[in-house]
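Here the structure is laid out as structure tokens; the discussion comes afterwards.
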Amino acid sequence: MPLFLDDEQTMLRDTARDFIADTAPVAHLRGLRDADDPTGFSRDLWKQFAEMGFTGILIGEAQGGLGLGHVEAGIVLEEIGRNLTPSPFLSTSVAAVEALRGTAQAERWYPGILAGDTVAAVAIDETPKHRDRVALTAERAGNGFRLSGVKRFVAHGHVADVLIVAARTAGAPEDRDGVTLFAVPRDVPGLTTAPERLADSSLAATATFESAMLDADAVLGDVDGGRAVLDRLLRAGRTGVAAESLGVGAGAMAMTIGYLKDRKQFGVPIGSFQALQHRAAHLYAEMEVARAAVLKAQHLLDADMEAADMAVSVAKAMTAMATTLAVNEGVQMHGGIGMTDAYDIGFYMKRARVLAELWGDAGYHADRVAVAAGY
Amino acid sequence: MADQAAADFRQETRAWLEENCPAAMRRPIQSEKDVCWGGRRYVPACPEQKIWLDRMAERGWTVPDWPTEYGGGGLSPAETKILREEMKAIGARSPLNSFGISMLGPALLKYGSEAQKLEHLPRIARGEIRWCQGYSEPNAGSDLASLATWAEDAGDHYVVSGQKVWTSYADQADWIFCLVRTSKESKQGGISFLLFDMESEGVSTRPILLISGYSPFCETFFDQVRVPKANRVHDENKGWDVAKYLLGHEREMISGMGLGEGGRDTLVADALATIGRDPTGRLADPLLRADIARFQIRARAFAAMSERFLDELKTGRAHPAQPSMMKYYGTELNKDRHELHMAAGGSAALEWESEASRGGAPARAWLRTKANSIEGGTSEIQLNIIAKRILDLPGA
């Protein structure tokens, strides 16, 4: 399949671009931030996402979704990124939907996700840097499991109806095997979530499990064999982060190019200075290459999940590097106004930083590629 | 292309390649002499090289997407991509490298007369004529349009006098495509595009010794060379249009260097051989390992970019100035790659003549790459083009 959007994907992009720019531009984020909104996103907007069909974009048609792929999910995420739209779309409609796919739990959670009523969160990380280790324990107890431990950096965790949790059912924290994934309803006794405001105004929770009791049917996939589900979640999730990050970088770049054309110093637009032109052109090149890496990962993901693994890490690392450049150059080329809270470019810088860390930073993914390549 | 037709074509192509690509042509290229450039003076490096060239040319697959009447394979973009993928899958070498294929051919297809196409394209496709490019002059580098080689109108022909420089392989080429000045009234609007035989009276070349110790480039001198007007491509004083179009293709070709030797880069293997592994199996130099890993992220992303660019180009979706981005990124990446090769090799990579270093191959290749971001328009010129034509930034 050629590496560009086909006609239907282009139509979806145009629809998503207009819809998100109209309903949730950066001013929407600013409004939530200024109101110190405790939810962190607009539930009305989430309902509208459902009406557009976006919430079920990766859910099969037989189950009431659009039955589309990761290219299409990425199209929505890129627009979310471009507008810095606070939304549970990534955690719910991409990561959780992939984790739930093909399990009995899908029947329980998909209808609410489709309707825009249900929000899901992903609880994987336990340390400030993303790692493969899983230490939170799930011990067999009665007909189910008892979970004990702490998860961090759980976006939307404080309001989510369901948390997708990676737990250790056998072996040591660093082992690949012995991990089990659970779909944990938020009302389970022993689970508490404490939201923390992050630099980008988003809310991520620390989720504490104190002997939280779960039924056995909360298991996603096989007991001790959860790594397969986790890999699926992470491939989809990381590709989704890459797409959102691409949108953040593209938005920052567009704003910066616009400023170079408008802002005058020494009687001419500053964009006429070669020092700035070359930096802008270099940024363009990095963003183009990042876009190709994302599209390649999405195509491979839609064709064959496992073969996509390295392409996903390339896309995640490449977008982190390119978008970091975009936001840094963005603030620098804006000059003093780029440092002000009243101007939007700073929001892009903050969001880019969060996405760069989420589910493995550029160094983490470069290391993965190196290990896979045998060095 | 329908899925079934694509699958059929892939299967046929795979079977044909399996049958026809000699085993020796599936091994990675070791040195410049393994590259087939064709031409009147072509001496095959081995019999298989000639067999491979002839079989591919017979099928039109040296230029798979050119029309069949000009010696091409007449393949669609989708089919061409499949052929490329299948060749890559078995490590098949390119049967023929030539400036005729990568640069002149596309320009002739767009701007050439029917007679010019019929005369030159099939010979390019079969590797019979090797071409060189007469663009740069001592006083016309980045400011190429200031070129001064003069073509005097002499009725049915021109008389060309002047000097070109950085003419790649001019001493081995059979014909030259050349920018000349036919009017002094206008800078860009006084340039014409001529084709002529390097054996013409008045043509001489002198190789230039480079920092790599090799001489891939020449100075080329024209002293009253007679060139029939029938050999002018496109209108008189419209040569700049042809030149720009061709430069796009040259940049596309040079950008391919960013991909490394057909994706079979020995960087990691070389580094492991020199440095070894730590107890966890990782390359024992953690900082070099990190540098290589970050480089590989960019290299793989650029491979995806190359695929995307070709897909967009073949379907008319690519921005006309996008080759400048590809050239810029690909050549800078290739320089990075060879810096890492040198770091991976340590002092062994510094040997200049030894047998172990294959005559200083790593060091000479490293030095050669420094020209990548100069030839075909410097990186700075590409950034100017991106800024102006893609980002639409105002002129100074």
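Coordinate-derived values only; no laboratory data. Since the model is a prediction, treat every value here as computed from it, not as a measurement. Every residue, glycine among them, receives a Cβ derived from its backbone with ideal geometry; neighbour counts consider all protein chains shown.
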**Asked** Comparing A:Gly336, A:Gly64, A:Gly363, which has the greatest mean-square fluctuation in the GNM of chain A with Cα pairs linked when under 10 Å apart?
**Response** A:Gly336
**Hull shadow area, averaged, chain B [alpha-carbon convex hull, nm²]** = 21.8
**Asked** Cα-Cα pairs above 41 Å in chain A: how many percent?
**Response** 11
**Asked** Can you tell which of B:Gly162, B:Gly38, B:Gly281 shows the greatest fluctuation in a Gaussian network model of chain B with Cα springs below 10 Å?
**Response** B:Gly281
**Asked** Dipole magnitude of the protein assembly as shown about its Cα centre, charges +1 at Lys/Arg Cβ and -1 at Asp/Glu Cβ only, in debye to the nearest 20?
**Response** 1300
**Fill in**
In deg cm²/dmol, rounded to the nearest 500, the helical mean residue ellipticity at 222 nm of chain B, built from -39500 (n - 2.57) for every DSSP H run of length 4 or more, is -13000 deg cm²/dmol
**Request:** With +1 on each Lys and Arg Cβ and -1 on each Asp and Glu Cβ, and nothing else charged, work out how big the dipole of region B:175-305 is about its Cα centre, in Debye to the nearest 20.
**Result:** 420
**Asked** In square nanometres, what is the average projected area of the Cα convex hull of region A:7-119?
**Response** 6.7
**Request:** Report the percentage of all Cα-Cα pairs in region B:1-136 whose separation exceeds 23 Å, rounded to a whole percent.
**Result:** 34
**Request:** Counting residues in region B:242-390 as N, plug N into 2.2 N^0.38 Å and put the Cα Rg over that result.
**Result:** 1.17
**Message:** Based on the alpha-carbon set only, what is the convex hull volume of region B:81-154 divided per residue, in Å³?
**Reply:** 167
**Prompt:** When the gyration tensor of region A:228-372 is built from Cα positions, what are the square roots of 5 times its three eigenvalues, in whole Å, from largest to smallest?
**Reply:** 33, 14, 11
**Complete:** Taking a ≥ b ≥ c as the square roots of the Cα gyration tensor eigenvalues, with a/c under 1.5 meaning rounded and otherwise prolate when a/b beats b/c or oblate if not, region A:194-269 comes out oblate
**Message:** Please give the Cα centre distance for region B:94-124 versus region B:188-251, rounded to the nearest Å.
**Reply:** 15
**Prompt:** Mind checking the log10 I(q)/I(0) for region B:221-312 at q = 0.15 Å⁻¹? Debye, one equal scatterer per Cα, no solvent, two decimals.
**Reply:** -0.77
**Prompt:** What is the helix-to-structure angle for A:7-23, meaning the angle in degrees between its Cα long axis and the longest Cα principal axis of chain A, kept from 0 to 90 and rounded to the nearest 10?
**Reply:** 80
**Prompt:** How would you rank A:Glu210, B:Glu353, A:Glu79, going from fewest to most other Cβ atoms within 10 Å of each one's own Cβ?
**Reply:** B:Glu353, A:Glu210, A:Glu79
**Request:** Using only the alpha carbons of the protein assembly as shown, determine the length spanned along each of the three principal axes and report them from longest to shortest in whole angstroms.
**Result:** 97, 63, 53
**Asked** Considering lysine pairs in chain A that are 8 or more places apart or on different chains, how many have Cα atoms under 21 Å apart?
**Response** 5
**Request:** Evaluate Rg over Rh across region A:123-224, taking Cα atoms for both radii and Kirkwood's formula for Rh.
**Result:** 0.96
**For A:His70, B:His249, order by how many other beta-carbon atoms lie within 10 Å, fewest first** = B:His249, A:His70
**Complete:** For region A:121-163, shape from the Cα gyration tensor axes a ≥ b ≥ c, cut at a/c of 1.5 then a/b versus b/c, turns out oblate
**Asked** Taking neighbour counts of Cβ atoms within 10 Å as a proxy for exposure, in what order, fewest first, do B:Lys33, A:Lys316, B:Lys117, A:Lys47 appear?
**Response** B:Lys33, A:Lys47, B:Lys117, A:Lys316
**Message:** Test of understanding: in a Gaussian network model of chain B with alpha carbons linked when under 10 Å, which of B:Asp156, B:Asp270, B:Asp174 would top the mean-square fluctuation ranking?
**Reply:** B:Asp156
**Asked** Just going by the charge dipole of the protein assembly as shown, with Lys and Arg at +1 and Asp and Glu at -1 on Cβ, which of A:Ala50, B:Pro228, B:Tyr214 is farthest out on the positive end?
**Response** B:Tyr214
**Message:** Counting other C-beta atoms within 10 Å, and keeping those with at most 14, which DSSP coil chymotrypsin sites (Phe, Trp or Tyr not before Pro) do you find in region B:321-396?
**Reply:** B:Trp352
**Message:** Only four residue types carry charge here, +1 at the Cβ of Lys and Arg and -1 at the Cβ of Asp and Glu. Report the dipole size of region A:7-119 about the Cα centre in Debye, rounded to the nearest 20.
**Reply:** 300
**Prompt:** Between A:Ala292, A:Ala303, A:Ala167, whose Cα lies farthest towards the positive end of the dipole of chain A when Lys and Arg beta carbons carry +1 and Asp and Glu beta carbons carry -1, centred on the Cα centre?
**Reply:** A:Ala292
**Complete:** Percent relative contact order for region A:7-119, counting Cα pairs under 8 Å at least six residues apart, stands at 33
**Asked** Using a cut-off of 21 Å between alpha-carbon atoms, which lysines can reach B:Lys335, once sequence neighbours fewer than 8 places away in the same chain are excluded?
**Response** B:Lys327, B:Lys370
**Expected 222 nm ellipticity per residue - DSSP helices of 4 or more, -39500 (n - 2.57), all of chain A, to 500** = -16000 deg cm²/dmol
**Fill in**
The FRET efficiency for A:Asp37 and A:Asp117, from their Cβ-Cβ distance with R0 = 22 Å and rounded to 0.05, is 0.70
**Prompt:** If you wrap a convex hull around the C-alpha atoms of region B:133-175 and split its volume per residue, what is the figure in Å³?
**Reply:** 83
**Prompt:** How many nm is it between the label spots at B:Arg10 and B:Leu118, if each spot is 7 Å from the Cα in line with the beta carbon?
**Reply:** 4.0
**Request:** Compute the semi-axes of the equivalent ellipsoid of region B:164-281, taking the square root of 5 times each eigenvalue of the Cα gyration tensor, and list them largest first in whole Å.
**Result:** 41, 19, 11
**Asked** Counting other Cβ atoms within 10 Å of each Cβ, which trypsin sites (Lys or Arg not before Pro) in region A:171-256 have at most 14 and sit in a DSSP loop?
**Response** A:Arg176
